[in-house]
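Chemist: Pasting a structure below so you can have a look.
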């Protein structure tokens, strides 16, 4: 005669609750690690994009300067903009030969920061009724679609995007023929859809080069 053993033992309510609590804790930890890793990955991507955008703006400004080498550089400043002015003279011809530069301006190029954007602008200066006026011939905005220029504090001092120069050699009439140009670019992400947790600090790019 066979005997059948029956066991009516099982999980108690306390054991079920403990199991659920442990699972919820483990799941929360795993989710937190996943979300943190995802946000860190996205932040790294944003910072890399900011560097690329800053390099792009700097490259565009350098190309403008190298494609339009000046005879001298001077300051350019208005109530809303500040930057530099690059002046190049027309070459002088003598019996069909180029011998030197004349005093006649061939090209006048402005590179300046205004209203949260860099601009390059070709201009012509004319005199009307004894007053010098500027005629804009071509104006181009130098910026990035995914980033915007901003301000930043460095050691308690506010820093903003700018382009300036320091003269090392002056020519005739005190014009700066050689010196060093300093370019500061303060840039941040321009995607308002990102949460505050994904926001990155503005990037400050400082570069200088001779002319």
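The values are calculated or read from the model by the stated rules, or taken from the named source; none is laboratory data. Model, not experiment: these values are computed from the prediction. Note: ideal-geometry Cβ built from the backbone for every residue, glycine included; neighbour counts use all protein chains shown.
Chemist: Can you find even one residue in the range 64-79 that is part of a helix (DSSP H, G or I) and either surrounded by 15 or more Cβ atoms within 10 Å (Cβ to Cβ) or modelled with pLDDT of 85 or more (or both)?
Modeler: yes
Chemist: Any chance the range 18-36 includes a residue that's within 28 Å of the chain's Cα centre (by Cα) and assigned to a helix (DSSP H, G or I)?
Modeler: yes
Chemist: From the list 148, 201, 169, exactly one residue is exposed (fewer than 13 other Cβ atoms within 10 Å of the Cβ), modelled with pLDDT of 75 or more and part of a strand (DSSP E or B). Which is it?
Modeler: Details: 148 fails: exposed (fewer than 13 other Cβ atoms within 10 Å of the Cβ); 201 fails: part of a strand (DSSP E or B).
Residue meeting the stated conditions: 169.
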